[in-house]
Structure formats: C-alpha cells, structure tokens
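The values are calculated or read from the model by the stated rules, or taken from the named source; none is laboratory data. All figures in this text were calculated on a predicted structure; none of them were measured in a lab. Because the Cβ atoms are built from the backbone with ideal geometry, glycine has one as well, and the counts that use them run over all protein chains shown. Keep in mind that these areas ignore ligands, DNA and RNA; they rest on the heavy atoms of the full protein, side chains included. Shrake-Rupley method; radii C 1.70, N 1.55, O 1.52, S 1.80 Å.
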Amino acid sequence: MAPAARLLVLGTVAVLVLATARGADALRSLGVGDGVSASIAQADAAVELNATTFDAFLGAAREPFAVVEFFAHWCPACRNYKHHYEKVAKLFNGPDAAHPGRVLMARVDCALKANVDLCSRFSVDHYPFLLWGPPTKFVNIKWDRKQEKSEIKLIDDGRTAERLLKWINKQIESSFTLDDKKYENESMLPKNASDPEQIVRAIYDVEEATAHALQIILEHKMIKPETRDSLVRFLQILVAHHPSKRCRRGSAELLINFDDRWPSNISLSSQDSSRMLESVETDDHKICGKEVPHGYWMFCRGSKSETRGFSCGLWVLLHSLTVQIGDGESQSTFTSICDFIHNFFICEECRKHFYEMCSSVSVPFKSARDLSLWLWSTHNKVNERLMKDEKDLGTGDPSFPKVVWPPKALCPSCYRSSSKTGDEAVQVDWNEDEVFSFLVNYYGKTLVSSYKETYMESQEKKLVGHVGPLSDDASSSAARVPIGAALGVAIASCTFGALACFWRAQQKNRKQRKNWN
C-alpha cells in the first residue's frame with residue numbers, strides 16, 4: 001500500500017472511531033506466566049532499551065540520574081561484565097531495590113542492527129561503554145566525549161561492581177554499599193497500594209501486555225471463523241481507547257489489513273490457510289510497534305519471575321478501557337471484553353471463572369460508570385478467590401499479596417466502613433461514587449496523561465484540508481477493513497453516516513471487481 005494511501009485509510013478509520021469516542025463522555029490475577037524467556041528477563045534488574053524505546057523510556061523516567069551501558073552480546077568482556085553491572089542495578093532498579101528512585105540503570109545492545117544509529121549517536125567506540133547523566137539529557141541528542149558543558153559523562157572507572165558503585169557514590173555524594181538491603185518502612189503505603197503517580201509507569205506494561213496477548217493469539221493459531229469477529233470488535237476498542245498512542249496506531253493498521261491476513265472463510269484444516277497463518281507469523285507484526293520493553297514490567301513487576309507481569313498488565317488495560325469509553329459504548333465494550341477473554345485467554349480455569357461472571361450479568365449496561373464498577377468488583381472477586389488458593393498452596397507473591405482494591409490507605413473516601421469476618425476476609429461498605437472517581441483518575445487521567453495528544457487527534461489534524469473524492473488506491477485500501485469492523489464503528493454515530501455509506505459502497509465495488517475477475 002502506498003504511504004499516502006495508508007495515511008488516508010488510517011485517517012478514515014480514525015475519523016470513524018472518533019465518532020464513537022466523541023459521541024459520549026477515558027487482569028492483575030488471571031494467572032498466565034510468561035514462560036522461560038520472561039523468567040530470564042525478570043532476573044535482570046537493568047532495563048534493556050533499543051532504538052525504538054530509548055528516548056521515550058528515558059524521557060519519562062523519574063530518577064534524577066541514569067547509567068546507560070552500551071555493549072555487544074557477542075563480546076566476551078561484556079558477558080563477564082554483566083554480573084558486575086547487575087549487582088549495582090539491583091540496588092536501584094526493581095521492587096526489592098535498596099535505593100529505588102535514585103539511579104536508573106539501563107543497557108543497549110549495539111550488536112543489534114536496529115541499534116547501530118543509536119550507538120553512533122553516543123560515539124560508542126568500545127565495549128562495555130558506560131555513560132552517566134540525567135535521563136532526559138539522553139533524549140534526542142548526539143554526544144561525544146569532546147563536548148564541553150555536557151551533563152552526560154563517560155564513566156571511566158566502572159570495571160567492577162565495586163568501582164562502578166564508588167563512582168556513582170562520588171557523583172551523588174552517597175555512601176551506598178553492595179550489601180545494602182531494602183528498608184521496609186511500616187508507615188508507608190503497602191506495595192499493592194502504589195503511589196498514584198506510579199501508575200503512569202504502567203503504560204509500558206500495558207503496551208507489553210497488549211503485544212504479548214497478540215503473540216499468544218498468533219502462536220496458538222487462535223483466529224478461527226468463530227473467533228474472528230470477537231477479535232475485530234476488541235481491536236476497535238483498542239483503536240479508540242488504548243492508553244498508548246502507538247498501540248492505537250498498531251491496532252488500526254492491524255484492522256485495515258485484517259481481511260487480507262485472516263479471510264472470513266478461513267479454515268484451519270486447509271493447507272492454504274496453514275501457509276497463510278505461517279506467513280502472518282513471519283511478518284512479525286507488533287501491535288504496539290516493532291519493539292516494546294520486554295520482560296521488565298515496571299508497575300507490574302513481581303518479586304518472583306512467575307508472578308504478576310502479563311496478567312497485571314492485562315488487568316490495567318481492561319480497567320483503562322472501561323473508564324475511557326462513553327456511556328453508549330458500555331454494553332458493546334462489556335461484550336467485547338468478555339468475548340476476548342473467552343476466546344483468547346489461554347489459562348483455562350481463569351477463562352472459565354471470568355466468563356461465568358460475565359454470564360451472570362442479566363441487565364445490559366447503560367453507562368461507563370456501571371461497567372467500570374462491574375470490572376472493579378469482578379477484579380476484587382478474582383483476588384478474593386486467589387487469595388485463598390495462594391494462602392493454601394503457598395503460590396502467592398510475598399511482596400504483592402492479593403488485597404481488596406483499592407486499599408484504604410490509597411482511597412480512604414472509598415470506604416464507608418470495613419470489618420473482618422471470621423475467616424479473616426475483609427467486609428467493606430463501599431462508597432461507589434468515590435470508587436468510580438478513583439478508578440477514573442487512577443486508570444484514566446493519570447495513566448493516559450503520559451500521552452498528551454491521542455492518535456485520533458493527530459490523524460484528524462492531518463485530514464484537515466483534504467478535499468475531493470478518495471483515489472482509487474485509497475478507496476480500494478479502505479475496503480480492506482472488515483465490513484463488520486467498518487459497520488461497527490460507523491453505526492455508532494449518525495454524524496459520519498455518509499462516510500460509512502461511501503465505505504460500504506467501496507466494499508461492494510471491490511467484491512464485484514473480484515467476481516468479474
């Protein structure tokens with residue numbers, strides 16, 4: 001597809017989806033592990049960045065200082081040095097860091113082709129190569145050691161963990177040691193409460209959870225005739241309301257080419273469809289961009305490799321969606337979420353439990369408030385069930401035990417009263433108006449604030465000034481959107497009825513041309 005045509009098609013999708021978004025008022029414990037690869041990644045305290053994530057990640061960092069190691073995975077000295085670098089990184093990064101929030105420890109693999117230009121930006125001429133400075137000063141700059149008055153410094157004596165920490169101590173006038181342990185202050189909020197501002201960091205976890213969900217769907221060949229439409233409907237919601245701009249963009253691009261990738265008459269038993277599915281997998285489509293942070297889990301990182309992570313990121317995504325939709329979208333969003341979990345969540349027991357709770361809803365949702373509170377209540381029910389199971393089996397995360405959410409320390413106004421029952425469970429009389437206000441601020445305004453301009457808004461601006469009919473290329477490309485997807489977003493608003501009719505006509509013309517050929 002030509003770039004201009006693709007932009008116009010994306011813009012058309014954006015305008016249609018804006019109709020649903022503007023017509024209205026923005027699964028921590030589902031139990032899926034990330035496998036061996038994630039276990040390995042979870043063991044690393046340093047954040048591995050690349051050319052795609054580097055500037056965004058460091059630009060959003062809250063630490064006053066950062067150390068960035070540039071290395072090559074084929075370099076024996078780098079492999080030996082990793083042990084030293086990790087010892088220091090564990091003091092500053094991760095949930096059990098002794099000194100969190102002081103220094104961000106990151107690394108970039110210069111041996112990867114995608115990172116060559118990034119490493120050139122910082123004049124990397126040997127490995128390992130360590131730089132120090134405020135995180136934001138690394139963003140969108142070109143650096144070399146001859147620069148004067150630069151806040152980025154070359155670490156010239158970090159050969160061992162001891163030397164590196166000594167160098168850092170000198171810069172920040174501290175006296176940290178490698179034996180420092182985390183100091184638990186009982187007066188602080190429990191870990192599960194979280195400083196509300198920390199939810200902003202969950203944007204990376206939501207991106208990774210979204211990418212991982214699609215990866216599971218592709219790897220397990222879960223797109224079938226009976227599940228195809230439910231995925232299209234869920235992608236529509238992501239295009240309109242995903243908190244990450246690049247995930248909205250990727251969802252739109254996936255929707256545009258959906259019919260070509262997964263025809264409505266796909267049959268997994270046929271040889272042709274198997275070859276087609278393999279082709280899709282080799283395309284390596286990344287719904288949130290070619291690269292997203294993998295295995296780090298900032299907000300959702302557990303103290304054990306098999307806890308939290310993906311399931312936490314998925315819960316945050318679902319909460320974020322329910323607080324951003326409009327009232328007119330509440331029932332369709334509920335159905336889409338339930339169908340998505342039912343068709344694509346691979347943990348069988350969790351999938352069944354969740355769908356049973358969906359099936360117990362007898363009255364259609366009429367407002368976003370009702371749907372948000374239903375998902376919040378459902379999440380608490382899941383936590384209560386898992387709380388008992390994890391206590392009996394000893395499988396919980398000791399640093400992040402399941403709790404009633406939100407805890408009183410985080411939202412005191414959410415509680416009218418609370419008491420413990422005989423089995424130590426917490427009985428709460430909730431102020432649901434306050435709970436909803438908390439959810440909107442926590443999963444909506446605070447989380448989404450990391451992206452000032454939505455993808456829809458940016459595409460709408462690009463469309464301003466476009467006049468005249470669509471070109472043949474553009475119209476035929478627009479026809480690639482599944483007709484169910486086009487109608488689903490178009491019917492939601494009469495404002496764009498004419499455009500929807502035009503779109504449908506192009507769909508019909510395209511099919512006729514195929515029949516003639």
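Summary table
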{"item": "Where Leu235 falls short, out of the listed (1) at pLDDT 85 or above; (2) open to solvent by 20 Å² or more (accessible area, probe 1.4 Å); (3) assigned to a helix (DSSP H, G or I)", "result": "(2)"}
{"item": "Those residues of segment 108-142 which are open to solvent by less than 60 Å² (accessible area, probe 1.4 Å) and part of a loop (DSSP other than H, G, I, E, B), in sequence order", "result": "Cys110, Ala111, Phe122, Ser123, Val124, Pro128, Pro134, Val139, Ile141"}
{"item": "Total residues in segment 331-370, condition within 20 Å of Arg248 (Cβ to Cβ) and touching a helix residue (DSSP H, G or I) at 6+ places or on another chain (Cβ under 7 Å)", "result": "6"}
{"item": "The listed residue being surrounded by 12 or more Cβ atoms within 10 Å (Cβ to Cβ) and modelled with pLDDT under 85, out of Asn192, Asn185", "result": "Asn192"}
{"item": "Filter result for Asp392 (in contact with a Ser or Thr (Cβ under 9 Å, 6 or more places away or on another chain) and modelled with pLDDT under 80)", "result": "no"}
{"item": "Test: Gly396 is farther than 29 Å from Leu235 by Cα and in contact with a helix residue (DSSP H, G or I) (Cβ under 8 Å, 6 or more places away or on another chain)", "result": "yes"}
{"item": "Which listed residue, of Arg301, Arg351, Arg369, is open to solvent by 60 Å² or more (accessible area, probe 1.4 Å) and not β-branched (Val, Ile, Thr)", "result": "Arg369"}
{"item": "Filtered residues of segment 143-176 (kept if of a type outside the set (A, V, I, L, M, F, W, C), in a loop (DSSP other than H, G, I, E, B) and open to solvent by less than 50 Å² (accessible area, probe 1.4 Å))", "result": "Ser150, Gly158, Thr160, Ser174"}
{"item": "Residues satisfying the stated conditions in segment 78-100, i.e. closer than 17 Å to Arg62 by Cβ, open to solvent by less than 40 Å² (accessible area, probe 1.4 Å) and not in a helix (DSSP H, G or I)", "result": "Asn93, Gly94, Pro95, Ala97, His99"}
{"item": "Selection within segment 314-335 - out of contact with any His (no Cβ under 9 Å at 6 or more places or on another chain) and farther than 27 Å from Arg301 by Cα", "result": "Gly326, Asp327, Gly328, Ser330, Gln331, Ser332, Phe334, Thr335"}
{"item": "Test: Thr333 is more than 22 Å from Pro406 (Cα to Cα), modelled with pLDDT of 85 or more and not small (Gly, Ala, Ser)", "result": "yes"}
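For (1) open to solvent by 40 Å² or more (accessible area, probe 1.4 Å); (2) hydroxyl-bearing (Ser, Thr, Tyr); (3) modelled with pLDDT of 85 or more, each residue gets a yes or a no:
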position	(1), (2), (3)
Lys221	yes, no, no
Cys247	no, no, yes
Trp262	no, no, no
Glu291	yes, no, no
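Table: residues versus (1) at pLDDT below 85; (2) within 22 Å of Asp117 (Cα to Cα).
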residue	(1), (2)
Val9	yes, no
Ala41	yes, no
Gly59	no, yes
Glu69	no, yes
Lys82	no, no
